[in-house]
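Participant: The structure's right below; bear with me while I get my questions together.
The values are calculated or read from the model by the stated rules, or taken from the named source; none is laboratory data. The structure displayed is predicted, hence computed values, not measured ones. So basically every Cβ, Gly included, is an ideal-geometry build from the backbone, and we count neighbours across all protein chains shown. To get the accessible areas, we keep the full protein, side chains included, count just its heavy atoms, and leave off ligands, DNA and RNA. Shrake-Rupley method; radii C 1.70, N 1.55, O 1.52, S 1.80 Å.
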Amino acid sequence: MGVTVIVSLYTSRVVLQQLGVSDFGIYNVVGGIVSLMTFINASMTHGIQRYFNYYRAKSDLTSEQKVFSASITILVSLALLILILGETIGLWFLNTYINIPEERIFAANWVYQFSLITCIITLFQTPFTAQIVANEDMQVYAYVSFVEVGLKLTMVFLLCIVLLDKLILYAALMMLVTGIVSSIYMIYCKRRYLSCRFGMVKDKSVYTDLLSFSGWTILGTSANLLSVQGMNIILNIFFGTIVNAARGIAVQISTQLDNLINNIQVAMNPQLIQLYSVGKITEMQNLLLDNFKWNFYLFWVCGCPILFNTKEILYYWLGEVPEYTIVFTQLVIIRCLLKTFERPLITATMAYGKMKYPSIISGMILITEVIVALGLFNLGFPPYWAYLVDLIGVLGCIIYDIAFLQAKRIFGFSLFIQKAFSGVILIICVSALLSYFSCQYISDTSFLFFAVRLGVVSILCIVTIYTLGLTTSQRQFLNSKIKYLVHGNH
């Protein structure tokens, strides 16, 4: 992930330079339209993952094979539906309502077609990556990430030297990279896992279970996409492609932070669901508490230095910083902080399996965000209010998820506040206060002092977490690991 983050940030800088701010904004908003049509894909992902983990815990290979085969059959139908919607409603919306300079309409339509194909490719990758996670075969992600990094570096090199429309070329290359990465996952799973063998499934209950679980999550995932991509489209309509570019840059940073957290979450998800499936609720609660803490620890060590040095980071990273990028970036970092708590709660809710009310409530909250933002922009509020409204929505979803789990006697507010939240708040207050005074003291604007500030803030976060966040046994374990790394077997 360290290599991936560095390369991704580098390629984002080059892509912004090669495309220009306006074309970069066009790519983000056009991709958002396509994402809105793939909400069913996200719902199916949750369903497939849940049942793979569930049957994996019970060592039921036959049921795993049925889930895989049924999911492929369903995904073929969904791909056709997405293609039809994309080439009709989506294409009409792009050419009718999206605020794009007239001379770039032709390029935007090519980007749209490439993005549509990219989404369909990603759709069929779903059951294969779900199987890797269920088997906790995590090293595969590392190997494929190195391949993806190499492909993206090659893509950026081609973008710099090929004399074609760079926006169209970028979309085509992104489609090609996605296709290669998805093919690697599919080939690996077909050769590695017996459960990844397709066969026609006549048992209707398999389809019913997958679709009923996914059916209720459709509301939640579609509302989430509407909140994220719909907000992107609204920003385009009210403020134009420059603000879309600023949002796209902020999303690049939040995506890298999310990916770091996702490494922990991907490893935790199978265990959380499997512990619930065999009735080990206390063990599940303990793992959930650890999940909150380690999500936050990893995020804070990386996110806090960015939060206190946003302006300098964007300047040295991009050179040209679009308006609103700084405030957008700071707000998405706070959103990522809240997500470190929301993700484990979503997994715990999925482990319970009945998604009707969680999906309805979270869907209502997320859709309300878009409506409120639309009203605020009509009244003349600045674009960063989209993120402020979103923060309130994420917080509302967290509160509801805990209330739901408490009603089902799986997890509760008192456990969350006493064992996770209070410790996190203490670490945030102490490390943020120390970081603020350190940045005020090391205030020189040169690159050297900027690098020193980043290092100092990171060290302060690590020391605070080590002192206030780890138990005595965890510190002893960590100390022994450090001594082993330094001295080896001696």
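Participant: In segment 344-437, if the dipole is taken from +1 on Lys/Arg beta carbons and -1 on Asp/Glu beta carbons about the Cα centre, which of Phe421, Thr347, Ile367 is farthest to the positive end?
Facilitator: Projecting each Cα onto the dipole axis, the largest value belongs to Thr347.
Participant: Give the shape of the chain as rounded, prolate or oblate, defined through the alpha-carbon gyration tensor: a ≥ b ≥ c are the square roots of its eigenvalues, a/c under 1.5 means rounded, and otherwise the shape is prolate if a/b is larger than b/c and oblate if not.
Facilitator: The shape class here is rounded.
Participant: If you don't mind, there's one more thing I want to ask. Where does the chain land at 222 nm, in deg cm²/dmol rounded to the nearest 500, when only DSSP H runs of n ≥ 4 count, each adding -39500 (n - 2.57), divided by all residues?
Facilitator: -28500 deg cm²/dmol
Participant: Once the whole set of protein chains is in place, how much accessible area is left on Asp203, using a 1.4 Å probe, in Å² to the nearest 10?
Facilitator: 60 Å²
Participant: Oh, and also: Tell me whether segment 225-288 comes out rounded, prolate or oblate; compute the Cα gyration tensor, take square roots of the eigenvalues as a ≥ b ≥ c, and use a/c under 1.5 as the rounded threshold.
Facilitator: prolate
Participant: Hey, got the dipole for the chain? About the Cα centre, +1 on K and R Cβ, -1 on D and E Cβ, debye to the nearest 20?
Facilitator: It works out to roughly 1420 debye.
Participant: For segment 296-365, what's the relative contact order in percent, using C-alpha pairs closer than 8 Å and at least 6 residues apart?
Facilitator: 34 percent
Participant: Say the dipole of the chain comes from +1 at the beta carbon of Lys and Arg and -1 at that of Asp and Glu; which of Phe124, Leu307, Val111 then lies farthest toward its positive end?
Facilitator: Working it through, the farthest residue towards the positive pole turns out to be Phe124.
Participant: Roughly how many Å² is the accessible area per residue of the chain, as a whole number, for a 1.4 Å probe?
Facilitator: For the chain, the solvent-accessible area averages 46 Å² per residue.
Participant: Stretch Thr96-Leu468 to full length: gain in nm at 0.36 nm per residue minus the Cα-Cα span?
Facilitator: Stretched fully, the Thr96-Leu468 segment lengthens by 128.4 nm.
Participant: If I take the Cα coordinates of segment 402-472 and project them onto the principal axes, what are the three extents in Å, biggest first?
Facilitator: 55, 27, 15
Participant: Heads up, I need the accessible area for Met175: 1.4 angstrom probe, whole protein in place, Å², nearest 10.
Facilitator: Using a 1.4 Å probe on the heavy atoms, I get roughly 40 Å².
Participant: If contacts are Cα pairs under 8 angstrom and at least 6 residues apart, what is the relative contact order of segment 357-481 in percent?
Facilitator: Worked out over segment 357-481, it gives 19 percent.
Participant: Further question: Accessible area of segment 296-432 with a 1.4 Å probe: how many percent of it is carbon plus sulfur?
Facilitator: In segment 296-432, the share of accessible area belonging to carbon and sulfur is 69 percent.
Participant: Compute the relative contact order of the chain as a whole-number percentage, counting only Cα pairs closer than 8 Å that sit 6 or more residues apart in sequence.
Facilitator: 20 percent
Participant: Stretched out fully, how many nm does the piece from Phe146 to Thr445 gain, at 0.36 nm a residue minus the Cα gap?
Facilitator: 104.2 nm
Participant: What shape does segment 394-436 have by the C-alpha gyration tensor, where a ≥ b ≥ c are the square roots of the eigenvalues, rounded means a/c under 1.5, and otherwise prolate means a/b greater than b/c and oblate the rest?
Facilitator: Oblate, since a/c reaches 1.5 and b/c is not below a/b.
Participant: Along Cα→Cβ, 7 Å out, is where each label goes; now give me the distance between the ones at Leu153 and Ala407 in nm to one decimal.
Facilitator: Result: 5.2 nm between the two label points.
Participant: Which entries in Lys66/Lys204; Lys339/Lys419; Lys293/Lys419; Lys66/Lys408; Lys58/Lys280; Lys58/Lys354 show an alpha-carbon gap greater than 21 Å?
Facilitator: Those over the limit are Lys66/Lys408.
Participant: Taking the highest mean first, how do the peptides 337-346, 309-318 order by number of other beta carbon atoms within 10 angstrom per residue?
Facilitator: Output ranking for 337-346, 309-318: 337-346, 309-318.
Participant: Under a straight-distance cross-link criterion of Cα-Cα below 17 Å, which lysines are reachable from Lys483, leaving out those fewer than 8 residues away in the same chain?
Facilitator: The qualifying lysines are none; the list is empty.
Participant: Starting at the first residue of segment 385-400, write each ³J(HN,Hα) from the Karplus equation 6.51 cos²θ - 1.76 cosθ + 1.60 with θ = phi - 60°, in whole Hz, x for Gly and Pro.
Facilitator: Once θ is set to phi - 60°, the couplings for segment 385-400 become 5, 4, 6, 5, 5, 5, 4, 5, x, 4, 4, x, 5, 4, 4, 5 Hz.
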